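Read-outs throughout are calculated quantities, based only on the coordinates presented, and are distinct from any laboratory measurement. The structure presented is a predicted model; accordingly, all values stated were derived computationally and were not measured. Cβ placement follows ideal geometry from the backbone for every residue including glycine, while neighbour counts extend to all protein chains displayed.
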Amino acid sequence: MARNIDALLKAAALVRPRLLKSGLRPASRVEPVPHASGVVMNKKQRAVLAITAIVVIAMLVYPPFHGLLLNGIVRGLGYSWIWNPPQFSIGSTELESTVNVGLLVAQWLGALIVGGIAYLLCKN
């Protein structure tokens, strides 16, 4: 067994200089080909990027809502689908609910920071 390994190593030592002279490189030294934009990503980084994008889109589709009461106080109304905002009323007065943009932006920033850290951790 050891003789076979020695023979393979000797054969590889003879072949490698010929490959280098011909301009070919061994497979272990092949550099990754960058994307057209110049960015090189591995599979884990692509997965992190896709998951982060899905989370941000999900936050947009199911955002936080709040409503303004008659006395000027803002009341949180929880989360709902963007096409079906929550309804609330005081007595017989129906009040309008709106997306809590400040909270939504804060959530997006949090998701992007966590996604960015995960992207960097998956670099190797």
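Summary table
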read-out: All positions within region 55-74 that are under 17 Å from Gly102 (Cβ atoms) and in contact with a Ser or Thr (Cβ under 9 Å, 6 or more places away or on another chain); value: Tyr62, Pro63, Pro64, Phe65, His66, Gly67, Leu68
read-out: Residue list for region 76-124, restricted to those being loosely packed, with under 13 Cβ neighbours inside 10 Å, within 16 Å of Ala58 (Cβ to Cβ) and under 18 Å from the mean Cα position of the chain (by Cα); value: Val105, Ala106, Leu109, Gly110
read-out: Matching residues, region 44-97, being of a type in the set (Val, Ile, Thr) and part of a strand (DSSP E or B); value: Val74, Ile90, Thr93
